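What follows is a single structure, written as C-alpha coordinates, with notes after it.
The values are calculated or read from the model by the stated rules, or taken from the named source; none is laboratory data. Everything numeric in this text was worked out from a predicted model, so none of it was measured. Heads up, the Cβs are rebuilt from the backbone with ideal geometry, glycines too, and the neighbour counts pull from every protein chain shown. Remember, those area values only see protein heavy atoms, side chains included, never the ligands or the DNA or RNA. Shrake-Rupley method; radii C 1.70, N 1.55, O 1.52, S 1.80 Å.
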There are 2 protein chains.
Amino acid sequence: MAKVDTSLVAHLPLFAGMTPEALDEILREARSARYPKNSAIFEQGADAQSFFLLLHGHVRAAKTTPTGEQIVVRYVAPGETFGLAMAIGAARYPATAIAVDDSVVLIWPTSAWPRLVERFPSLAANTLQTVGTRLQESHTRILEMSTQQVEQRVAHALLRLAKQSGKKLDRGIEIDFPISRQDIAQMTGTTLHTVSRILSGWESQGLVESGRQRIILRDPHGIVVLAERSAASGSA
Amino acid sequence: MAKVDTSLVAHLPLFAGMTPEALDEILREARSARYPKNSAIFEQGADAQSFFLLLHGHVRAAKTTPTGEQIVVRYVAPGETFGLAMAIGAARYPATAIAVDDSVVLIWPTSAWPRLVERFPSLAANTLQTVGTRLQESHTRILEMSTQQVEQRVAHALLRLAKQSGKKLDRGIEIDFPISRQDIAQMTGTTLHTVSRILSGWESQGLVESGRQRIILRDPHGIVVLAERSAASGSA
DNA sequence: CCGACAGTTTGCGATAGCGCAAAACGGGAC
DNA sequence: GTCCCGTTTTGCGCTATCGCAAACTGTCGG
(Lines give C-alpha, C1' and ligand atoms only; values in the text may rest on other atoms or scores of the structure.)
Protein backbone atom coordinates (compact mmCIF):
# COMPACT_ATOMS: atom_id res chain seq x y z
CA MET A 1 0.00 0.00 0.00
CA ALA A 2 1.43 3.34 -1.05
CA LYS A 3 2.42 5.58 1.80
CA VAL A 4 0.41 8.78 2.01
CA ASP A 5 2.33 11.96 2.50
CA THR A 6 1.26 13.32 5.85
CA SER A 7 2.23 16.86 5.05
CA LEU A 8 -0.56 17.07 2.50
CA VAL A 9 -3.30 16.41 4.98
CA ALA A 10 -1.87 17.47 8.31
CA HIS A 11 -3.49 20.87 8.23
CA LEU A 12 -7.01 19.59 7.63
CA PRO A 13 -9.59 20.28 10.33
CA LEU A 14 -10.23 16.57 10.59
CA PHE A 15 -6.76 16.11 12.02
CA ALA A 16 -6.62 19.25 14.12
CA GLY A 17 -4.75 18.87 17.35
CA MET A 18 -3.05 15.61 16.42
CA THR A 19 0.53 14.67 16.78
CA PRO A 20 2.42 13.68 13.64
CA GLU A 21 2.66 10.17 15.02
CA ALA A 22 -1.08 9.90 15.51
CA LEU A 23 -1.68 11.24 12.05
CA ASP A 24 0.76 8.76 10.68
CA GLU A 25 -0.94 5.93 12.43
CA ILE A 26 -4.32 6.96 11.11
CA LEU A 27 -3.09 7.33 7.59
CA ARG A 28 -1.51 3.92 7.73
CA GLU A 29 -4.98 2.45 7.86
CA ALA A 30 -6.05 4.16 4.69
CA ARG A 31 -5.52 3.30 1.11
CA SER A 32 -5.92 5.70 -1.75
CA ALA A 33 -7.84 5.31 -4.95
CA ARG A 34 -8.56 7.21 -8.09
CA TYR A 35 -12.05 7.59 -9.54
CA PRO A 36 -12.41 8.79 -13.10
CA LYS A 37 -14.85 11.53 -13.99
CA ASN A 38 -18.48 10.45 -13.75
CA SER A 39 -17.78 7.23 -11.92
CA ALA A 40 -19.71 6.24 -8.82
CA ILE A 41 -17.80 6.02 -5.55
CA PHE A 42 -20.69 4.50 -3.66
CA GLU A 43 -24.40 4.11 -4.19
CA GLN A 44 -27.23 5.10 -1.92
CA GLY A 45 -28.45 2.09 0.03
CA ALA A 46 -25.22 0.12 -0.32
CA ASP A 47 -23.40 -1.24 2.71
CA ALA A 48 -21.29 1.51 4.19
CA GLN A 49 -18.02 -0.34 4.08
CA SER A 50 -15.75 2.65 3.82
CA PHE A 51 -15.47 6.31 4.54
CA PHE A 52 -13.54 8.78 2.48
CA LEU A 53 -11.39 11.86 2.40
CA LEU A 54 -11.20 13.68 -0.88
CA LEU A 55 -7.68 14.66 -1.91
CA HIS A 56 -8.15 15.90 -5.45
CA GLY A 57 -11.13 16.45 -7.66
CA HIS A 58 -14.78 16.99 -6.83
CA VAL A 59 -17.53 14.69 -5.70
CA ARG A 60 -21.27 15.16 -5.86
CA ALA A 61 -23.42 13.59 -3.13
CA ALA A 62 -27.00 13.09 -4.25
CA LYS A 63 -30.07 11.57 -2.68
CA THR A 64 -32.74 9.80 -4.71
CA THR A 65 -36.41 9.29 -3.89
CA PRO A 66 -38.18 5.97 -4.37
CA THR A 67 -39.73 7.52 -7.47
CA GLY A 68 -36.41 8.48 -8.96
CA GLU A 69 -36.21 12.20 -8.33
CA GLN A 70 -32.84 13.38 -7.17
CA ILE A 71 -31.44 16.22 -5.13
CA VAL A 72 -27.83 17.20 -4.75
CA VAL A 73 -26.95 17.06 -1.09
CA ARG A 74 -23.62 18.77 -1.54
CA TYR A 75 -20.45 19.04 -3.54
CA VAL A 76 -17.41 17.73 -1.76
CA ALA A 77 -14.27 19.79 -2.11
CA PRO A 78 -10.69 18.53 -1.61
CA GLY A 79 -9.88 18.16 2.07
CA GLU A 80 -13.40 17.22 3.05
CA THR A 81 -14.64 13.87 4.27
CA PHE A 82 -17.66 12.08 2.91
CA GLY A 83 -19.44 8.78 3.27
CA LEU A 84 -19.38 9.04 7.06
CA ALA A 85 -22.42 6.83 7.46
CA MET A 86 -20.93 4.96 10.39
CA ALA A 87 -20.28 8.08 12.38
CA ILE A 88 -24.00 8.61 12.50
CA GLY A 89 -24.76 4.99 13.13
CA ALA A 90 -26.08 4.12 9.69
CA ALA A 91 -25.24 0.79 8.13
CA ARG A 92 -25.97 1.98 4.61
CA TYR A 93 -25.04 5.05 2.64
CA PRO A 94 -27.89 7.56 2.68
CA ALA A 95 -26.79 9.05 -0.65
CA THR A 96 -24.86 8.32 -3.80
CA ALA A 97 -21.40 9.77 -4.39
CA ILE A 98 -20.22 10.49 -7.93
CA ALA A 99 -16.85 11.88 -8.97
CA VAL A 100 -17.65 14.88 -11.15
CA ASP A 101 -14.00 15.22 -12.09
CA ASP A 102 -11.14 12.78 -11.99
CA SER A 103 -10.72 12.43 -8.25
CA VAL A 104 -8.34 10.94 -5.74
CA VAL A 105 -9.55 9.83 -2.33
CA LEU A 106 -8.27 8.24 0.82
CA ILE A 107 -10.35 5.28 1.92
CA TRP A 108 -10.70 3.83 5.38
CA PRO A 109 -12.69 0.72 6.15
CA THR A 110 -15.71 1.59 8.25
CA SER A 111 -14.62 -1.14 10.63
CA ALA A 112 -11.57 0.91 11.56
CA TRP A 113 -13.63 3.84 12.83
CA PRO A 114 -14.44 2.63 16.36
CA ARG A 115 -10.83 1.77 17.00
CA LEU A 116 -9.56 5.04 15.60
CA VAL A 117 -12.03 7.03 17.65
CA GLU A 118 -11.09 5.21 20.78
CA ARG A 119 -7.43 5.75 20.20
CA PHE A 120 -7.77 9.32 18.98
CA PRO A 121 -10.75 10.94 20.65
CA SER A 122 -10.17 14.23 18.91
CA LEU A 123 -11.16 12.47 15.72
CA ALA A 124 -14.69 12.24 17.04
CA ALA A 125 -14.61 15.81 18.27
CA ASN A 126 -13.33 17.08 14.94
CA THR A 127 -15.88 15.07 13.00
CA LEU A 128 -18.61 16.33 15.28
CA GLN A 129 -17.53 19.80 14.37
CA THR A 130 -17.78 19.24 10.62
CA VAL A 131 -21.03 17.33 10.85
CA GLY A 132 -22.43 20.11 13.00
CA THR A 133 -21.41 22.67 10.45
CA ARG A 134 -23.12 20.68 7.73
CA LEU A 135 -26.23 20.49 9.85
CA GLN A 136 -26.28 24.24 10.09
CA GLU A 137 -25.81 24.61 6.37
CA SER A 138 -28.66 22.20 5.90
CA HIS A 139 -30.89 24.33 8.07
CA THR A 140 -29.90 27.40 6.16
CA ARG A 141 -30.84 25.65 2.97
CA ILE A 142 -34.23 24.71 4.39
CA LEU A 143 -34.73 28.29 5.47
CA GLU A 144 -33.95 29.47 1.97
CA MET A 145 -36.22 26.97 0.34
CA SER A 146 -39.01 28.04 2.64
CA THR A 147 -38.68 31.77 2.32
CA GLN A 148 -37.02 32.70 -0.94
CA GLN A 149 -37.94 32.47 -4.54
CA VAL A 150 -36.09 30.42 -7.05
CA GLU A 151 -33.91 33.19 -8.44
CA GLN A 152 -32.55 34.05 -5.03
CA ARG A 153 -31.93 30.44 -4.19
CA VAL A 154 -29.97 29.94 -7.37
CA ALA A 155 -27.98 33.07 -6.63
CA HIS A 156 -27.12 31.81 -3.16
CA ALA A 157 -26.21 28.37 -4.44
CA LEU A 158 -23.83 29.75 -7.05
CA LEU A 159 -22.23 32.09 -4.58
CA ARG A 160 -21.62 29.20 -2.22
CA LEU A 161 -20.11 27.11 -4.96
CA ALA A 162 -17.93 30.01 -5.96
CA LYS A 163 -16.74 30.44 -2.43
CA GLN A 164 -16.08 26.76 -1.97
CA SER A 165 -14.59 25.93 -5.34
CA GLY A 166 -14.19 29.16 -7.23
CA LYS A 167 -11.19 29.76 -9.42
CA LYS A 168 -10.30 33.40 -9.78
CA LEU A 169 -10.16 34.54 -13.37
CA ASP A 170 -9.67 38.03 -14.63
CA ARG A 171 -13.11 37.84 -16.20
CA GLY A 172 -14.67 36.75 -12.91
CA ILE A 173 -14.87 33.66 -10.73
CA GLU A 174 -15.24 30.31 -12.38
CA ILE A 175 -16.76 27.32 -10.66
CA ASP A 176 -13.97 24.93 -11.34
CA PHE A 177 -15.77 21.66 -11.94
CA PRO A 178 -18.42 20.60 -14.42
CA ILE A 179 -21.92 21.44 -13.29
CA SER A 180 -25.09 21.31 -15.33
CA ARG A 181 -28.34 23.26 -15.16
CA GLN A 182 -29.89 20.09 -13.90
CA ASP A 183 -27.40 19.91 -11.04
CA ILE A 184 -28.15 23.44 -9.99
CA ALA A 185 -31.85 22.69 -10.17
CA GLN A 186 -31.33 19.76 -7.86
CA MET A 187 -29.46 21.95 -5.41
CA THR A 188 -32.17 24.56 -5.27
CA GLY A 189 -35.37 22.62 -5.57
CA THR A 190 -36.42 23.69 -9.01
CA THR A 191 -36.23 22.46 -12.60
CA LEU A 192 -33.43 22.70 -15.14
CA HIS A 193 -35.74 24.78 -17.34
CA THR A 194 -36.16 27.42 -14.71
CA VAL A 195 -32.44 27.46 -13.98
CA SER A 196 -31.72 27.83 -17.66
CA ARG A 197 -34.09 30.77 -17.93
CA ILE A 198 -32.55 32.43 -14.91
CA LEU A 199 -29.00 32.01 -16.16
CA SER A 200 -29.98 33.27 -19.58
CA GLY A 201 -31.40 36.34 -17.96
CA TRP A 202 -28.28 36.90 -15.93
CA GLU A 203 -26.11 36.36 -18.93
CA SER A 204 -27.88 39.08 -20.86
CA GLN A 205 -27.30 41.38 -17.90
CA GLY A 206 -23.61 40.53 -17.90
CA LEU A 207 -23.78 38.95 -14.47
CA VAL A 208 -22.54 35.56 -15.57
CA GLU A 209 -20.98 33.83 -18.48
CA SER A 210 -22.11 30.29 -18.79
CA GLY A 211 -21.80 27.42 -21.16
CA ARG A 212 -21.97 23.69 -21.21
CA GLN A 213 -21.39 22.55 -17.61
CA ARG A 214 -19.42 25.66 -16.96
CA ILE A 215 -20.26 28.84 -15.11
CA ILE A 216 -18.33 32.04 -14.56
CA LEU A 217 -19.60 34.70 -12.21
CA ARG A 218 -18.55 37.89 -13.96
CA ASP A 219 -20.13 40.16 -11.43
CA PRO A 220 -20.24 38.37 -8.10
CA HIS A 221 -21.33 41.49 -6.34
CA GLY A 222 -24.28 41.88 -8.68
CA ILE A 223 -25.32 38.36 -7.81
CA VAL A 224 -24.97 39.06 -4.12
CA VAL A 225 -27.41 41.90 -4.62
CA LEU A 226 -29.83 39.55 -6.33
CA ALA A 227 -29.45 37.01 -3.57
CA GLU A 228 -30.19 39.49 -0.86
CA ARG A 229 -33.14 41.43 -2.12
CA SER A 230 -36.07 40.05 -0.23
CA ALA A 231 -38.83 40.60 -2.74
CA ALA A 232 -38.44 43.05 -5.57
CA SER A 233 -39.20 43.58 -9.22
CA GLY A 234 -38.49 41.21 -12.08
CA SER A 235 -35.62 41.07 -14.53
CA ALA A 236 -35.16 43.04 -17.75
CA MET B 1 -27.92 22.94 43.38
CA ALA B 2 -30.47 20.15 43.44
CA LYS B 3 -29.07 16.73 42.73
CA VAL B 4 -30.38 15.16 39.56
CA ASP B 5 -31.57 11.62 39.75
CA THR B 6 -29.28 9.61 37.50
CA SER B 7 -31.76 6.84 36.96
CA LEU B 8 -33.99 9.16 35.00
CA VAL B 9 -31.42 9.90 32.34
CA ALA B 10 -29.10 6.92 32.42
CA HIS B 11 -30.75 5.19 29.52
CA LEU B 12 -30.54 8.14 27.14
CA PRO B 13 -28.43 7.67 24.02
CA LEU B 14 -26.35 10.67 25.06
CA PHE B 15 -25.02 8.67 27.98
CA ALA B 16 -24.73 5.32 26.27
CA GLY B 17 -21.78 3.27 27.38
CA MET B 18 -21.06 5.30 30.48
CA THR B 19 -20.41 4.10 33.97
CA PRO B 20 -22.73 5.34 36.69
CA GLU B 21 -19.81 7.25 38.17
CA ALA B 22 -19.14 9.03 34.91
CA LEU B 23 -22.78 9.86 34.55
CA ASP B 24 -22.85 11.14 38.06
CA GLU B 25 -19.87 13.32 37.45
CA ILE B 26 -21.41 14.77 34.33
CA LEU B 27 -24.71 15.46 35.99
CA ARG B 28 -22.97 17.19 38.84
CA GLU B 29 -22.01 19.92 36.42
CA ALA B 30 -25.57 20.56 35.42
CA ARG B 31 -28.29 22.56 37.01
CA SER B 32 -31.93 22.21 36.20
CA ALA B 33 -34.46 24.85 35.40
CA ARG B 34 -38.09 25.17 34.60
CA TYR B 35 -39.42 27.24 31.72
CA PRO B 36 -43.10 28.10 31.62
CA LYS B 37 -45.13 27.65 28.48
CA ASN B 38 -44.24 30.12 25.73
CA SER B 39 -41.09 31.38 27.38
CA ALA B 40 -37.83 31.67 25.49
CA ILE B 41 -34.95 29.45 26.57
CA PHE B 42 -32.46 31.17 24.32
CA GLU B 43 -32.57 33.49 21.36
CA GLN B 44 -30.99 33.14 17.98
CA GLY B 45 -27.76 35.11 17.83
CA ALA B 46 -27.23 35.17 21.59
CA ASP B 47 -23.98 33.95 23.14
CA ALA B 48 -24.12 30.21 23.43
CA GLN B 49 -23.44 30.05 27.13
CA SER B 50 -25.21 26.80 27.84
CA PHE B 51 -26.40 23.59 26.30
CA PHE B 52 -29.49 21.72 27.33
CA LEU B 53 -31.14 18.40 27.87
CA LEU B 54 -34.92 18.40 27.91
CA LEU B 55 -36.42 16.42 30.77
CA HIS B 56 -40.09 17.31 30.56
CA GLY B 57 -42.18 19.32 28.17
CA HIS B 58 -41.60 20.32 24.59
CA VAL B 59 -39.37 22.89 22.97
CA ARG B 60 -39.58 24.44 19.54
CA ALA B 61 -36.36 25.45 17.79
CA ALA B 62 -36.95 28.08 15.14
CA LYS B 63 -34.72 30.03 12.81
CA THR B 64 -35.51 33.55 11.69
CA THR B 65 -34.42 35.37 8.55
CA PRO B 66 -33.14 38.94 8.56
CA THR B 67 -36.54 39.92 7.19
CA GLY B 68 -38.43 38.23 9.97
CA GLU B 69 -39.71 35.04 8.36
CA GLN B 70 -39.41 32.00 10.53
CA ILE B 71 -39.09 28.29 10.08
CA VAL B 72 -39.38 25.62 12.69
CA VAL B 73 -36.15 23.67 12.75
CA ARG B 74 -37.51 20.94 14.98
CA TYR B 75 -39.50 20.11 18.04
CA VAL B 76 -37.43 18.80 20.90
CA ALA B 77 -38.86 15.87 22.81
CA PRO B 78 -37.94 14.84 26.36
CA GLY B 79 -34.59 13.09 26.47
CA GLU B 80 -33.15 15.08 23.59
CA THR B 81 -30.38 17.64 23.75
CA PHE B 82 -30.58 21.08 22.21
CA GLY B 83 -28.57 24.24 22.03
CA LEU B 84 -25.39 22.34 21.17
CA ALA B 85 -23.85 25.29 19.43
CA MET B 86 -20.42 24.68 20.93
CA ALA B 87 -20.25 21.12 19.67
CA ILE B 88 -20.28 22.49 16.18
CA GLY B 89 -17.92 25.31 16.98
CA ALA B 90 -20.44 28.13 16.96
CA ALA B 91 -20.20 30.91 19.49
CA ARG B 92 -23.82 31.94 19.07
CA TYR B 93 -27.08 30.06 18.93
CA PRO B 94 -28.18 29.56 15.35
CA ALA B 95 -31.84 29.38 16.35
CA THR B 96 -34.30 30.41 19.02
CA ALA B 97 -35.67 27.89 21.51
CA ILE B 98 -39.12 28.35 22.96
CA ALA B 99 -40.86 26.12 25.50
CA VAL B 100 -44.21 25.24 23.95
CA ASP B 101 -45.34 23.63 27.17
CA ASP B 102 -44.14 23.99 30.71
CA SER B 103 -40.73 22.40 30.46
CA VAL B 104 -37.90 21.23 32.64
CA VAL B 105 -34.34 21.13 31.37
CA LEU B 106 -30.87 20.31 32.50
CA ILE B 107 -28.37 23.04 31.77
CA TRP B 108 -24.63 22.78 31.37
CA PRO B 109 -22.37 25.73 30.88
CA THR B 110 -20.84 25.61 27.41
CA SER B 111 -17.48 26.08 29.04
CA ALA B 112 -17.77 22.64 30.59
CA TRP B 113 -18.03 20.87 27.25
CA PRO B 114 -14.34 20.62 26.33
CA ARG B 115 -13.48 19.24 29.72
CA LEU B 116 -16.34 16.76 29.69
CA VAL B 117 -15.45 15.56 26.22
CA GLU B 118 -11.85 15.09 27.19
CA ARG B 119 -12.77 13.17 30.26
CA PHE B 120 -15.57 11.16 28.64
CA PRO B 121 -14.80 10.68 24.97
CA SER B 122 -17.94 8.69 24.39
CA LEU B 123 -19.83 11.90 24.99
CA ALA B 124 -18.43 13.20 21.73
CA ALA B 125 -19.13 9.93 19.96
CA ASN B 126 -22.70 9.85 21.21
CA THR B 127 -23.30 13.46 20.31
CA LEU B 128 -21.83 12.83 16.89
CA GLN B 129 -24.38 10.12 16.46
CA THR B 130 -27.35 12.30 17.31
CA VAL B 131 -26.09 15.23 15.27
CA GLY B 132 -25.53 12.88 12.37
CA THR B 133 -29.06 11.59 12.66
CA ARG B 134 -30.38 15.13 12.64
CA LEU B 135 -28.32 15.86 9.56
CA GLN B 136 -29.95 12.96 7.81
CA GLU B 137 -33.39 14.11 8.84
CA SER B 138 -32.51 17.50 7.52
CA HIS B 139 -31.58 16.05 4.17
CA THR B 140 -34.78 14.12 4.07
CA ARG B 141 -36.66 17.31 4.70
CA ILE B 142 -34.84 19.04 1.88
CA LEU B 143 -35.63 16.12 -0.38
CA GLU B 144 -39.30 16.41 0.52
CA MET B 145 -39.40 20.13 -0.01
CA SER B 146 -37.81 19.66 -3.40
CA THR B 147 -39.93 16.84 -4.69
CA GLN B 148 -43.29 16.78 -2.97
CA GLN B 149 -46.27 19.02 -2.92
CA VAL B 150 -47.54 20.76 0.13
CA GLU B 151 -50.20 18.24 1.09
CA GLN B 152 -47.70 15.40 1.19
CA ARG B 153 -45.22 17.43 3.14
CA VAL B 154 -47.82 18.28 5.75
CA ALA B 155 -48.78 14.63 5.94
CA HIS B 156 -45.19 13.61 6.53
CA ALA B 157 -44.66 16.31 9.10
CA LEU B 158 -47.68 15.29 11.13
CA LEU B 159 -46.75 11.64 10.96
CA ARG B 160 -43.31 12.46 12.27
CA LEU B 161 -44.73 14.53 15.09
CA ALA B 162 -47.12 11.73 15.92
CA LYS B 163 -44.29 9.23 16.03
CA GLN B 164 -42.11 11.48 18.13
CA SER B 165 -44.70 12.87 20.49
CA GLY B 166 -47.95 11.12 19.82
CA LYS B 167 -50.27 10.16 22.63
CA LYS B 168 -52.40 7.17 21.86
CA LEU B 169 -56.09 7.87 22.24
CA ASP B 170 -58.92 5.57 21.40
CA ARG B 171 -60.05 8.09 18.80
CA GLY B 172 -56.61 8.19 17.23
CA ILE B 173 -53.19 9.64 17.96
CA GLU B 174 -52.95 13.08 19.47
CA ILE B 175 -49.93 15.29 19.11
CA ASP B 176 -49.44 16.02 22.74
CA PHE B 177 -48.30 19.59 22.74
CA PRO B 178 -49.84 22.80 21.42
CA ILE B 179 -49.15 23.38 17.77
CA SER B 180 -50.73 25.93 15.49
CA ARG B 181 -51.40 25.97 11.74
CA GLN B 182 -48.67 28.54 11.56
CA ASP B 183 -46.20 26.19 13.20
CA ILE B 184 -46.99 23.42 10.76
CA ALA B 185 -46.63 25.88 7.90
CA GLN B 186 -43.20 26.80 9.18
CA MET B 187 -42.21 23.16 9.32
CA THR B 188 -43.26 22.44 5.78
CA GLY B 189 -42.44 25.60 3.91
CA THR B 190 -45.92 26.86 3.25
CA THR B 191 -48.46 29.29 4.70
CA LEU B 192 -50.90 28.90 7.54
CA HIS B 193 -53.72 29.42 5.08
CA THR B 194 -52.73 26.46 3.00
CA VAL B 195 -52.27 24.29 6.08
CA SER B 196 -55.68 25.31 7.30
CA ARG B 197 -57.26 24.39 3.99
CA ILE B 198 -55.52 21.03 3.97
CA LEU B 199 -56.55 20.17 7.51
CA SER B 200 -60.11 21.25 6.81
CA GLY B 201 -60.13 18.90 3.87
CA TRP B 202 -58.76 16.05 5.92
CA GLU B 203 -61.20 16.75 8.69
CA SER B 204 -64.14 16.42 6.33
CA GLN B 205 -62.72 13.09 5.20
CA GLY B 206 -62.45 11.93 8.78
CA LEU B 207 -58.67 11.68 8.63
CA VAL B 208 -58.02 14.11 11.43
CA GLU B 209 -59.77 15.95 14.18
CA SER B 210 -58.25 19.29 14.83
CA GLY B 211 -58.90 22.33 16.88
CA ARG B 212 -57.12 25.21 18.40
CA GLN B 213 -53.44 24.22 18.63
CA ARG B 214 -54.49 20.63 18.86
CA ILE B 215 -54.42 17.84 16.31
CA ILE B 216 -55.57 14.26 16.48
CA LEU B 217 -54.80 11.82 13.70
CA ARG B 218 -57.92 9.70 13.56
CA ASP B 219 -56.76 7.64 10.65
CA PRO B 220 -52.96 7.57 10.66
CA HIS B 221 -52.92 4.97 7.93
CA GLY B 222 -55.02 7.15 5.68
CA ILE B 223 -52.51 9.92 6.16
CA VAL B 224 -49.65 7.58 5.39
CA VAL B 225 -51.37 6.86 2.09
CA LEU B 226 -51.61 10.57 1.40
CA ALA B 227 -47.99 11.06 2.28
CA GLU B 228 -46.81 8.37 -0.04
CA ARG B 229 -48.74 8.92 -3.19
CA SER B 230 -46.31 10.56 -5.55
CA ALA B 231 -48.66 12.65 -7.65
CA ALA B 232 -52.34 11.94 -7.83
CA SER B 233 -55.75 13.57 -7.94
CA GLY B 234 -57.08 16.26 -5.64
CA SER B 235 -59.22 16.03 -2.55
CA ALA B 236 -63.00 15.84 -2.30
C1' DC C 1 -14.59 16.81 -41.36
C1' DC C 2 -19.03 15.02 -40.04
C1' DG C 3 -22.60 12.86 -37.38
C1' DA C 4 -24.72 11.98 -33.11
C1' DC C 5 -25.89 13.17 -28.70
C1' DA C 6 -25.92 15.30 -24.29
C1' DG C 7 -26.87 19.50 -22.62
C1' DT C 8 -29.25 23.86 -23.26
C1' DT C 9 -32.61 27.30 -24.67
C1' DT C 10 -37.19 28.92 -25.37
C1' DG C 11 -42.23 29.18 -26.12
C1' DC C 12 -46.62 28.34 -24.34
C1' DG C 13 -50.24 26.92 -21.56
C1' DA C 14 -51.68 24.98 -16.94
C1' DT C 15 -51.90 25.27 -11.94
C1' DA C 16 -50.56 24.82 -7.18
C1' DG C 17 -50.19 27.66 -3.82
C1' DC C 18 -49.68 32.47 -2.31
C1' DG C 19 -51.42 36.86 -0.52
C1' DC C 20 -54.92 39.72 0.92
C1' DA C 21 -59.13 40.47 3.24
C1' DA C 22 -62.88 39.44 5.97
C1' DA C 23 -65.60 36.69 8.70
C1' DA C 24 -66.22 33.05 12.10
C1' DC C 25 -64.78 30.82 16.17
C1' DG C 26 -63.31 29.51 20.82
C1' DG C 27 -61.30 30.19 25.38
C1' DG C 28 -59.92 32.73 28.96
C1' DA C 29 -60.17 36.94 32.01
C1' DC C 30 -62.86 39.53 34.83
C1' DG D 1 -72.21 35.80 31.60
C1' DT D 2 -69.85 38.74 28.50
C1' DC D 3 -66.05 40.82 26.17
C1' DC D 4 -61.73 40.50 23.91
C1' DC D 5 -58.13 38.58 21.37
C1' DG D 6 -55.54 35.09 19.19
C1' DT D 7 -56.50 31.41 16.01
C1' DT D 8 -58.75 29.45 12.30
C1' DT D 9 -61.53 29.32 8.18
C1' DT D 10 -62.73 30.62 3.64
C1' DG D 11 -63.31 33.30 -0.75
C1' DC D 12 -60.99 35.14 -4.68
C1' DG D 13 -57.72 36.79 -7.89
C1' DC D 14 -52.82 36.52 -9.10
C1' DT D 15 -48.41 34.84 -10.48
C1' DA D 16 -44.22 32.31 -10.01
C1' DT D 17 -43.00 28.24 -11.53
C1' DC D 18 -43.79 23.94 -13.55
C1' DG D 19 -44.37 20.65 -17.47
C1' DC D 20 -44.30 19.51 -22.02
C1' DA D 21 -42.55 20.02 -26.54
C1' DA D 22 -39.57 21.51 -29.93
C1' DA D 23 -35.58 23.69 -31.68
C1' DC D 24 -30.76 24.61 -31.05
C1' DT D 25 -25.68 24.00 -30.19
C1' DG D 26 -21.21 22.70 -28.74
C1' DT D 27 -18.33 18.46 -28.13
C1' DC D 28 -16.54 14.20 -28.82
C1' DG D 29 -15.76 9.96 -31.43
C1' DG D 30 -14.54 8.21 -35.53
Report summary line: Here segment A:165-180 yields Karplus 3J(HN,Hα) values (6.51, -1.76, 1.60; θ = phi - 60°; whole Hz; Gly and Pro given as x) of 9, x, 10, 6, 10, 6, 7, x, 10, 9, 6, 8, 8, x, 9, 9
Query - 5 angstrom amide H check on B:ARG74, placed H, neighbours 5+ away - result: B:ALA61
Report summary line: Using a 1.4 Å probe on heavy atoms of the protein chains only, the accessible area for B:ASP176 in Å², nearest 10, reads 60 Å²
Requested in this report: Roll a 1.4 Å probe over the protein heavy atoms and report the accessible area of A:MET18 in Å², nearest 10.
Outcome: 40 Å²
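How much of the accessible area of segment A:57-166, probe 1.4 Å, is carbon plus sulfur, in whole percent?
With neighbouring chains kept in place, the figure for segment A:57-166 is 52 percent.
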Report summary line: Everything considered on the Cα gyration tensor (a ≥ b ≥ c; rounded for a/c under 1.5, else prolate if a/b is larger than b/c, else oblate), segment A:148-228 must be described as rounded
**Report entry** Of A:PRO66, A:PRO220, A:PRO178, the one that fluctuates the most in a GNM where chain A has Cα springs shorter than 10 Å
**Finding:** A:PRO66
**Report entry** Karplus 3J(HN,Hα) series, Hz, for segment A:91-106 with 6.51 cos²θ - 1.76 cosθ + 1.60 (x for Gly, Pro)
**Finding:** 8, 10, 5, x, 8, 9, 10, 10, 6, 8, 9, 3, 9, 10, 10, 9
Report summary line: Quick calc, A:ASP101 & A:LEU169: beta-carbon distance into FRET formula, R0 25 Å, rounding 0.05, result 0.90
**Report entry** Accessible-area ranking of A:LEU192, B:LEU226, A:LEU55, largest first, probe 1.4 Å
**Finding:** A:LEU192, A:LEU55, B:LEU226
Report task. Collect residues whose amide H, placed 1.01 Å from N in the peptide plane, falls under 5 Å from the amide H of B:GLN44; neighbours closer than 5 in sequence don't count. Result -> B:THR96, B:ALA97
Report task. Give the accessible surface of segment B:106-236 per residue, rounded to a whole number of Å², with probe radius 1.4 Å and ligands, DNA and RNA excluded. Result -> 47 Å²
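Need one number for segment A:1-140: average projected area of the convex hull over its C-alpha atoms, nm². Mind showing how you got there, number by number?
On the way: hull surface 33.8 nm².
Value for segment A:1-140: 8.4 nm².
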Query - Label point 7 Å beyond Cα along the C-beta direction, distances from B:SER7 to other copies (nm, shortest first) - result: 6.1
**Report entry** Folded to 0 to 90 degrees: helix B:121-147 orientation relative to chain B principal axis, Cα
**Finding:** 20 degrees
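Provide Rg over Rh for the protein assembly as shown; use the alpha carbon set for both Rg and the Kirkwood Rh (inverse mean inverse pair distance). Display every interim value, and only then the final one.
Numbers: Rg = 23.4 Å, Rh = 24.1 Å.
Ratio value, two decimals: 0.97.
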Query raised in the report: What are the trypsin sites (Lys or Arg not before Pro) within segment B:79-178 that DSSP puts in a loop, where the Cβ has at most 14 other Cβ atoms within 10 Å?
Result: B:ARG171
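Considering only Cα-Cα distances, which of the following residue pairs are longer than 29 Å: A:LYS63/B:LYS163; A:LYS163/B:LYS163; A:LYS167/B:LYS63? Walk me through the intermediate numbers first.
On the way: A:LYS63/B:LYS163 24 Å; A:LYS163/B:LYS163 39 Å; A:LYS167/B:LYS63 32 Å.
Checking Cα-Cα distances, A:LYS163/B:LYS163; A:LYS167/B:LYS63 exceed 29 Å.
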Requested in this report: Taking a label point 7 Å out from Cα toward Cβ, give me the nm distances from B:ARG115 to the same spot in the other copies, shortest first, one decimal.
Outcome: 3.5
Query raised in the report: With every protein chain in place, what's the accessible area of A:THR140 (1.4 Å probe, Å², nearest 10)?
Result: 50 Å²
Query raised in the report: Which distance in nm do the two modelled labels at A:THR65 and B:THR191 give, with both placed 7 Å along the Cα-to-Cβ direction?
Result: 2.3 nm
Report task. Kindly give the distances from A:ARG229 to its copy-mates, label point to label point, with each label point 7 Å from Cα along Cα→Cβ, as nm values to one decimal ordered shortest first. Result -> 4.0
Query raised in the report: Can you give the net charge of the other residues whose Cβ lies under 14 Å from the Cβ of A:HIS56, counting K and R as +1 and D and E as -1?
Result: -3
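Run the helix sum for chain B: -39,500 (n - 2.57) per DSSP H stretch of 4+ residues, divided by residue count, reported at 222 nm to the nearest 500 deg cm²/dmol.
Here the helix-only value at 222 nm equals -12000 deg cm²/dmol.
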Query raised in the report: Which percent of the Cα-Cα distances in chain B go past 34 Å?
Result: 21 percent
Query raised in the report: With chain A treated as a Gaussian network of Cα nodes joined by springs under 10 Å, which of A:VAL131, A:VAL208, A:VAL100 yields the largest mean-square fluctuation?
Result: A:VAL131
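As a test of the definition: with a 1.4 Å probe, what buried accessible area, both sides summed, do you compute for A against B, in Å² to the nearest 100? Before the final figure, lay out the partial values.
Values: alone 12600 and 12580 Å², together 21970 Å².
Between A and B, the summed buried area is about 3200 Å².
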